[in-house]
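The values are calculated or read from the model by the stated rules, or taken from the named source; none is laboratory data. On a predicted model such as this, the values are computed, not experimentally measured, just so you know. Glycine gets a Cβ as well: all are built from the backbone with ideal geometry, and neighbour counts include every protein chain shown.
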Amino acid sequence: MAHSHDTHHHAPGHGHTDGHTHGHGNHPDAETMATVLDLDATVNGHYLGEVCDRIAVLVPEPRTMLDLGSGTGTGTLALARRFGSSQVVALDNSAELLERVARAAQEAGLDGQVRTVTADLDSALPDHISDVDVAWASSTLHHFADAEALLRSTFRALRPGGVLAIVEIAEPPTFLPPDSADGEVEQRLREAILGKGWNGGWNGRPDWAPSITAADFEIVETRDIPTDLDNPPAAAADYAVEWLTRVRSGLTDDDASAEDLAAVDQLLHDDNPASLRRRNDLVVRSSRIAWIARRPENS
Ligand SMILES: C[S@@+](CC[C@H](N)C(=O)[O-])C[C@H]1O[C@@H](n2cnc3c(N)ncnc32)[C@H](O)[C@@H]1O
């Protein structure tokens, strides 16, 4: 089991040595990261229930769960809420983000179930962690320098029959009606930037299946989870501004027409009546992918 006094400090934002192209040195500070993660949970959080359902089929009453790279605690809180008799250990290398997890758990009345551990997960879990029922890693595995080593370490920390749930954004979100002129601009800019290997600076979509099986897990299922919303909450406008601002900052005059770049600038300009924050026709199109795997019973 993990102990909450563990402190393996590590500079936040480090860990991008896994071969991904991360745009333009786009390493958000903890505050910006927290804002975006919380917006993501508010706007796209409906994937959480579906992944929890799949876990519940395999482990109906988990006692101990880990959230690897917990961020502000989106996964931690979803797991604690769903599995009421469990203990969830949130691990992250950002003490600042973990403080937010602890605060959010307290506000939700879940602090009795949640503990935070500052740990560098670049290549392994803290080695005293064992007998875990469920390990969860959402939008996070690609941040670790040696994800395969971390998966092997996670395998050892799980009990036989324990479950590993890995989630990534499969399709980054778009926010404008696809059949509108602005929606077409958004599509073109998105294709231009994805074509450059951009991944939003905080997410990627590698196929983790080979790494999961190389660590001796058996994959139970791979699941595509659409997170589309036709009537998104008001927070979708702020989330759209975050995404489009980052897309825009990664584009140069060579990547897109002057008209398209001007159009996106207008979308981001709050004084413009058709800007993202002032229009009421936003729709969210995006999807998650989840790999649900298990440490074999006889291993
Ligand atoms: C994109 S966020 C995902 C947060 C959360 N799992 C979620 O789904 O909202 C990635 C998280 O990984 C953490 N992280 C990055 N590198 C790390 C490392 N080497 N060790 C531990 N955590 C790390 C970051 O601090 C951040 O909280």
Checklist entry - Do we have T42 as farther than 19 Å from W291 by Cβ and in a loop (DSSP other than H, G, I, E, B) here? => result no
Next on the checklist: Please pick out the residue among V57, V51 that is away from the ligand (no atom under 15 Å from the Cβ), closer than 18 Å to R294 by Cα and either outside any loop (DSSP other than H, G, I, E, B) or at pLDDT below 95 (or both).
Outcome noted: V57
Item to check | Total residues in the stretch 77-114, condition touching a residue at least 40 places away in the same chain (Cβ under 8 Å) and farther than 15 Å from A135 by Cβ | outcome: 7
Checklist entry - Could you say whether any residue in the stretch 62-74 is part of a strand (DSSP E or B) and over 18 Å from the mean Cα position of the chain (by Cα)? => result yes
Checklist entry - Is it the case that some residue within the stretch 112-128 is over 21 Å from R294 (Cβ atoms), of a type in the set (S, T, N, Q) and more than 9 Å from the ligand (Cβ to nearest atom)? => result yes
